[in-house]
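Reading through the C-alpha cells given below for one structure.
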Amino acid sequence: MPPAKFTSDGILDACAQEVLLRGADVRIVDIAHRLEAPTGSIYHRFRSREELLVRLWLRSIRRFHVDYLAAGDHEDPERALLGMAECVVTFTRDHPQEAVAMTLYRQSRLVQTAPESCREEVEKVNEGIHRRLAELTEMRYPQPTDRHRSLVRVAAAEGPYGLVRPYLRNSVPDWMPEVTVASSRAILALGT
C-alpha cells in the first residue's frame, strides 16, 4: 500500500501556517488550498474543523512542554524556574506558529467544549507541568504557602507569557529574554 499523501502531521503543519495568518478564523478550505488537497483528505483524518484545531492546540502545547520541562531540569530551583520563564520567550521567538496555535483555546474552557475524542487529552495535557512547578515550589520555598505557589506560577509562566504575548505575531525583541528573567527573578524574591 503506498504511503498516505496527506498525513495528520502534514495537515496540522498546514493548519498551523493558516492559524498564524488568520487566527481562529481559519477555514478547512484555506488549509486544503495550502496543502493542494481536497477537503475530503482533511476530513478523512479529522472529523471536524473543531477537532483539527484542538489537535493542533494539543500538539503545540506538547511541543512547548518538551522545551519548557528541559529548561526546568536543573537541581537549583531558582535556575530551573528562570530557565522556564526564559523558555516561554525563546519558544515564542523560535516557533511562532506553535506559539500562536497555543492561544486558540484556554484549557479551562476547552475541557468543557472539546470534541469527545480529545477531551481526556485536553484535561491531562498540563499535568507534567503542574507537577514540575509544584516540585520546584517545594524546593525553592521551605514550607510553601499558596502565595509561594502563585508567585512560582506568575514567575515561570503567567508573567513571561504576558510579556511576550504582544509579540506573538511580530518579531520578539532581542532584549525580551533578559527582561523576562529579570522580572521573574524579582517575582520569586517576593516569596523570601
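Quick look at the numbers
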quantity: Some residue of the range 74-87 being free of Cβ contacts under 8 Å to residues at least 12 places away in the same chain and either hydrophobic (A, V, I, L, M, F, W, C) or on the phi > 0 side of the Ramachandran plot (or both); calculated: no
quantity: Residues of the range 28-64 that turn out to be within 18 Å of Arg106 (Cβ to Cβ) and of a type in the set (Phe, Trp, Tyr), as a count; calculated: 2
quantity: Subset of the range 108-138 [among the polar types (S, T, N, Q) and surrounded by 15 or more Cβ atoms within 10 Å (Cβ to Cβ)]; calculated: Thr137
quantity: Selected residue (only one of Leu151, Leu163 is modelled with pLDDT of 95 or more, open to solvent by 50 Å² or more (accessible area, probe 1.4 Å) and at negative phi); calculated: Leu163
quantity: Gln17, sole failed condition from (1) open to solvent by 40 Å² or more (accessible area, probe 1.4 Å); (2) assigned by the TED database to the domain that holds Val164; (3) under 18 Å from the mean Cα position of the chain (by Cα); calculated: (2)
quantity: Residue match in the range 68-84 (condition: crowded, with 17+ Cβ neighbours inside 10 Å and within 17 Å of Arg169 (Cα to Cα)); calculated: no
quantity: So Glu51, is it assigned to a helix (DSSP H, G or I), outside the structural domain of Val100 (by the TED database), in contact (Cβ under 8 Å) with a residue 40 or more places away in the chain and not hydrophobic (A, V, I, L, M, F, W, C); calculated: yes
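The values are calculated or read from the model by the stated rules, or taken from the named source; none is laboratory data. Please read all numbers here as calculations on a predicted model, not as lab measurements. Note that we place each Cβ from the backbone using ideal geometry, even for glycine, and neighbour counts take in every protein chain shown. Keep in mind that these areas ignore ligands, DNA and RNA; they rest on the heavy atoms of the full protein, side chains included. Shrake-Rupley method; radii C 1.70, N 1.55, O 1.52, S 1.80 Å.
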